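For reference, the structure is listed below as structure tokens.
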Amino acid sequence: MVQRLIEGLGSGTKNMLTQKRIITYLMHNHSSTIPDLAKDIDLSIPTVTKFVMELVEEGYIMNYGKQETSEGRPPNLYGLNPDSAYMVGVDIKASCLNIGLMNFTGDMVDVQMGVECRLYNTLESLEELTLHIRNFIDKHKTVKEKILQVGVNISGRVNPEEGYSFSMFNFEERPLAEILGEKIGIPVSIDNDTRAMAYGELLKGAVKGEKDIVFINISWGLGSAFIIDGKIYTGRSGFSGEFGHFSVFDNEIICRCGKKGCLETEVSGSALHRILCEKVKNGQSSILSKRILTGETSVTLEEIVDATNKEDILCIELVEEIGRKLGRYLAGLINLFNPELVVIGGTLALTEDYILQPIKTAIRKYSLNLVSKDSAVVLSKLQAKAGVIGACLLSRSKLFEW
């Protein structure tokens with residue numbers, strides 16, 4: 001059944017396009033009567049009835065029962081069948097993987113957070129990544145044949161339409177998505193990790209009807225994503241959102257992009273880690289001092305966040321300074337885009353008010369009041385799960401919307 005759907009999705013026939021419109025509508029509206037569905041997608045009731053009944057027969061749509069109404073005969077509500085299809089999402093982090101399984105209605109069935117895996121830009125790491133994904137899928141043998149697609153998040157420059165990654169695993173002329181699909185045995189799509197997080201917040205997180213949104217991902221690196229009129233903005237080649245590579249500092253710190261002075265060199269998790277280690281080695285005190293000075297095991301960013309939330313004074317000071325610097329340059333994005341909502345996500349967002357309040361203070365100081373006064377600034381609601389949830393949702397949307 002799923003194989004027929006996968007083959008049909010790429011056919012571009014008029015019937016399949018109509019089915020995709022119906023499925024897309026139900027993805028965003030949960031359920032609908034046939035008359036309401038016909039009105040909203042601008043098709044006749046007989047046409048919509050025909051296609052809905054076909055999708056019911058194939059198992060992708062189900063009858064949710066009668067709609068409650070105070071007058072007349074109650075109509076039937078139709079919605080997606082949650083067990084008819086699944087998506088897998090993979091969120092690659094600096095030192096681990098988050099992998100999840102989502103059903104057709106967008107509910108997470110299983111999530112494995114923090115799967116230990118430090119990936120490097122090598123063929124061996126690519127094999128390790130595919131092994132973890134295959135092992136996760138094999139855990140769900142009962143639904144394996146119903147998985148439509150695997151969505152993989154990668155940081156840096158990613159062209160989601162063509163399936164190329166230019167920051168990681170760019171070893172062949174063929175698209176990375178194609179290579180991964182062959183290795184896993186299921187179609188694969190790839191996208192930038194920050195865009196996936198933003199999309200997760202749009203559909204399942206902090207966004208409550210806003211259409212123009214800036215999402216900031218401050219994790220090991222610094223990235224941004226833009227939602228304009230309710231749609232993810234990717235740019236011409238899929239490379240939009242490289243906020244961390246604004247050249248703003250007169251320093252000699254080499255960024256991972258190879259240039260000096262990037263915003264990311266002083267505003268990111270990697271910057272926090274570097275500065276904390278430098279200050280501890282110069283005599284300042286932290287609850288992580290012993291670990292840093294002995295060097296027995298490397299201190300992780302997650303441990304620094306945990307120390308901050310345990311009121312480690314040095315960590316708090318450093319997080320607040322990063323928040324002030326981020327807010328200053330985020331004010332420029334607000335002046336430029338005039339968004340309704342700014343969402344702060346990523347690992348450092350888990351320090352909550354320690355980073356959020358300095359960001360807000362700096363935005364008030366450096367942005368134009370008339371521009372920023374209607375821009376709410378909030379923390380990610382999905383937190384650490386934003387990437388894996390967004391990967392699943394993006395994967396589903398690419399099949400039916402793009």
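Worth a mention:
- Share of carbon and sulfur in the accessible heavy-atom surface of the stretch 209-379 [1.4 Å probe, %]: 51 percent
- Shape of the stretch 332-402, Cα gyration tensor, a/c cut at 1.5: oblate
- Here the chain is treated with +1 on each Lys and Arg Cβ and -1 on each Asp and Glu Cβ, and its dipole about the Cα centre works out to around 380 debye.
- In this calculation the C-beta distance from THR49 to ASN15 is compared with R0 = 22 Å, giving a FRET efficiency of 0.95.
- ILE228 paired with ASN335, simple spin-label distance in nm, labels 7 Å along Cα-to-beta-carbon: 2.0 nm
- Among ILE322, ILE45, ILE137: highest mean-square fluctuation, GNM of the chain, C-alpha pairs under 10 Å: ILE45
- For the pair LYS290 and GLU71, label points projected 7 Å from Cα toward Cβ lie 7.5 nm apart.
- Taking 0.36 nm per residue of sequence separation and removing the Cα-Cα distance, the ASP40/PHE239 pair yields an extension gain of 68.3 nm.
- Solvent-accessible surface of the chain, taken per residue with a 1.4 Å probe and all protein chains present: 47 Å².
- Each residue of the stretch 197-211 is assigned a 3J(HN,Hα), and the resulting list reads 4, 4, 5, x, 5, 4, 9, 10, x, 6, 7, 10, x, 5, 10 Hz, derived from the Karplus form 6.51 cos²θ - 1.76 cosθ + 1.60 (θ = phi - 60°), x at Gly and Pro.
- Our coupling estimate for the stretch 133-143, obtained by passing each phi through the Karplus curve with A = 6.51, B = -1.76, C = 1.60 and θ = phi - 60°, is 5, 4, 4, 5, 5, 5, 5, 10, 4, 5, 10 Hz, Gly and Pro reported as x.
- Loop-located GluC sites (Glu not before Pro) in the stretch 297-395, at most 13 other Cβ atoms within 10 Å (DSSP): GLU311
- Using a Gaussian network model of the chain in which every pair of alpha carbons under 10 angstrom is joined by a spring, one finds that among GLN67, GLN149, GLN357 the greatest mean-square fluctuation is at GLN67.
- Amide H contacts for SER189 (H built 1.01 Å from N in the peptide plane; partners 5 or more residues away or on another chain; cut-off under 5 Å): VAL150, GLY151, VAL152.
- Exposed trypsin sites (Lys or Arg not before Pro) absent: longest stretch of the chain, with sites in DSSP loops and at most 16 other Cβ within 10 Å deemed exposed: 1-117
- Here the extension length gained between GLU303 and GLU162 equals 47.1 nm, from 0.36 nm per residue of separation less the Cα-Cα distance.
- Distance between the stretch 185-219 and the stretch 9-51 - C-alpha centres, whole angstrom: 25 Å
- Prolate/oblate/rounded call for the chain, Cα gyration tensor, a/c under 1.5 rounded: prolate
- Computed from Cα positions, the angle between helix 14-29 and the longest principal axis of the chain comes to roughly 60 degrees.
- Tilt relative to the chain, helix 45-58 - C-alpha long axis, 0 to 90 degrees, to 10: 70 degrees
- Of VAL248, VAL378, VAL90, the residue with the greatest mean-square motion in the GNM of the chain, using alpha carbon springs below 10 Å, is VAL248.
- Cross-link pairs exceeding 18 Å between alpha carbons, from the set LYS208/LYS398; LYS208/LYS231; LYS204/LYS310; LYS139/LYS398; LYS211/LYS385: LYS208/LYS398; LYS204/LYS310; LYS139/LYS398; LYS211/LYS385.
- Shape of the stretch 291-347, Cα gyration tensor, a/c cut at 1.5: prolate
- Cα-projected label distance for GLU116 with GLU172, points at 7 Å along beta-carbon direction, nm: 3.1 nm
The values are calculated or read from the model by the stated rules, or taken from the named source; none is laboratory data. Predicted model only: the values in this text are computed from it and were never measured. With ideal geometry, Cβ positions are generated from the backbone for all residues, glycine too; neighbour counts draw on all protein chains shown. Surface areas here come from the heavy atoms of the whole protein model, side chains and all, with no ligands, DNA or RNA. Shrake-Rupley method; radii C 1.70, N 1.55, O 1.52, S 1.80 Å.
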